[in-house]
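For reference, the structure is listed below as C-alpha cells.
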Amino acid sequence: MSDLMDSFRLDGKVALVTGATYGIGMAIAEALGEAGAKIAFNARHADKVAEAEKHYRELGFDAHGYVADVTDEAAVAELIAKIEADFGTTPDILVNNAGVIQRTPMLDMSAEDFRRVVDIDLNAPFIVSKACLPGMIAKGHGKIINICSMMSELGRETIAGYAAAKGGLKMLTKNICSEFGEANIQCNGIGPGYIATPQTAPLRETQPDGSRHPFDQFIIAKTPAARWGTPEDLKGPAVFLASDASNFVNGHILYVDGGILAYIGKQPQ
C-alpha cells in the first residue's frame, strides 16, 4: 500500500501553476504543495501575487510568486529563468490554469474581444508549455495539465470565444501528448464543470425576491450531483495527473463535472 500511496507524492518537484492567486488555480497549487511540490505561480498584478505568496508560505510551502503576462513570450521566458534561479531547476509540472471568460452574444462580440479570450485561454498555454518543454525533455520527465472545460465538448450561447479556445486547448493537449510522449512527458487536461468561483458568482446571485438565479436552478437540475462543484473538487484529479500514479495516462481530458456531460436531463412529466 505504501508504494501505491508514494506514487502520488510530489516531493522535490517544482510545479508552475499559472494564475494561481484565487479559485481553481489556488486550490490546485495548494493540493500540489500538500503533496510535497514546491510552488511557482504567476499573475499580472503585484498585489495579488504578494497576497497569494503569503498565503502559500503560511501553509508551509516553498512558494514563489511572479508578476508575468503569460500571453507574452518574452515575459514567459523571463519567468522560467526566474523560476530556475529561485528553485535551482525548471518546472517539472506545469498547470496551465490562467484563463478568462467573456459572456457576450456572438453578434455583439467584437473580433478584438474574441481574440483576447483566445489569446489568454489558448495561446498562453501554448506559449508556457513551449517554454517549459525543453527543461522537461532534458530531465527525461514532465507533467503538463491544461485546465480545459466541459465547454471543450459543448457550446452555449454568449461564450463563443471561450468555447472555441477551450475546444482548441483540448486538441493542443492531445497534440503535446502525441509529439512529446516518447520523451516521457504526459500532457493531460482537467475539464471542470460548473465550479463555484468568483468568475461564476454572477450566475449564482440570489434574486431580489429571494429566489435562486434561474441559471443556478438550471445547473442544479442538469447536474446528477445536484450541486455546483468547488475548487476543492479539483485537488485530487490534479495531484493524480501531476504524479507518477498517472505515468501511463496521456492525452486524456478528465472531466470533473458532477456527471453533467453524461446526463441528457429528466424526461418531462
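The values are calculated or read from the model by the stated rules, or taken from the named source; none is laboratory data. Here the structure is a predicted model, which means the values were calculated and not measured. No Cβ is skipped: glycine too gets one built from the backbone with ideal geometry, and neighbour counts run over all protein chains shown.
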Apart from one, (1) in the same structural domain as Ala15 (by TED's automatic domain parsing); (2) among the basic types (Lys, Arg); (3) free of Cβ contacts under 8 Å to residues at least 12 places away in the same chain all hold for Arg212; the odd one out is (1)
Tell me the residue from Asn184, Asn146 that is out of contact with any Leu (no Cβ under 9 Å at 6 or more places or on another chain) and either of a type in the set (Ser, Thr, Tyr) or closer than 24 Å to Pro91 by Cα (or both), please. Asn184
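Working carefully through the options Asn250, Asn188, Asn175, find the one that is within 30 Å of Asp113 (Cβ to Cβ) and either assigned to a loop (DSSP other than H, G, I, E, B) or without any contact (Cβ under 8 Å) to a residue 40 or more places away in the chain (or both). Full working, then the answer.
Values: Asn250 fails: within 30 Å of Asp113 (Cβ to Cβ); Asn188 fails: either assigned to a loop (DSSP other than H, G, I, E, B) or without any contact (Cβ under 8 Å) to a residue 40 or more places away in the chain (or both).
Only one candidate passes the filter, namely Asn175.
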Scan segment 132-161 for residues that are buried (at least 21 other Cβ atoms within 10 Å of the Cβ) and of a type in the set (Lys, Arg) and jot them down. Lys143
Cβ pairs under 7 Å, 6+ apart, first in segment 7-19 and of a type in the set (Gly, Ala, Ser), second surrounded by fewer than 21 Cβ atoms within 10 Å (Cβ to Cβ): Ser7/Asp244; Ser7/Ala245
Among the candidates Ile185, Ile190, Ile176, residue that is closer than 29 Å to Glu34 by Cα, of a type in the set (A, V, I, L, M) and touching a Pro at 6+ places or on another chain (Cβ under 6 Å): Ile190
Qualifying residues in segment 23-58 (those that are outside any strand (DSSP E or B) and in contact with an Asp or Glu (Cβ under 7 Å, 6 or more places away or on another chain)) - the one farthest from Lys143 (Cα to Cα): Arg44
In segment 245-269, how many residues are closer than 19 Å to Ile145 by Cβ and modelled with pLDDT under 95? 0
In segment 191-200, how many are out of contact with any Ser or Thr (no Cβ under 6 Å at 6 or more places or on another chain) and either over 22 Å from Asp216 (Cα atoms) or not in a strand (DSSP E or B) (or both)? 6
Over segment 173-189, the set of residues crowded, with 22+ Cβ neighbours inside 10 Å and not polar (S, T, N, Q) is Ile176, Ile185, Cys187, Gly189
In segment 43-95, what residues are among the hydroxyl-bearing types (Ser, Thr, Tyr) and more than 20 Å from the chain's Cα centre (by Cα)? Thr89
Of (1) assigned to a loop (DSSP other than H, G, I, E, B); (2) closer than 29 Å to Phe240 by Cβ; (3) touching a residue at least 60 places away in the same chain (Cβ under 8 Å), Gln102 satisfies all except one. Which? (2)
Collect the residues in segment 108-138 that are assigned to a helix (DSSP H, G or I), among the polar types (S, T, N, Q) and closer than 18 Å to Ala164 by Cβ, keeping them in residue-number order. Asn123
Can you pull out the residues in segment 71-109 that are under 22 Å from Gly193 (Cα atoms) and of a type in the set (Val, Ile, Thr)? Val95, Val100, Ile101, Thr104
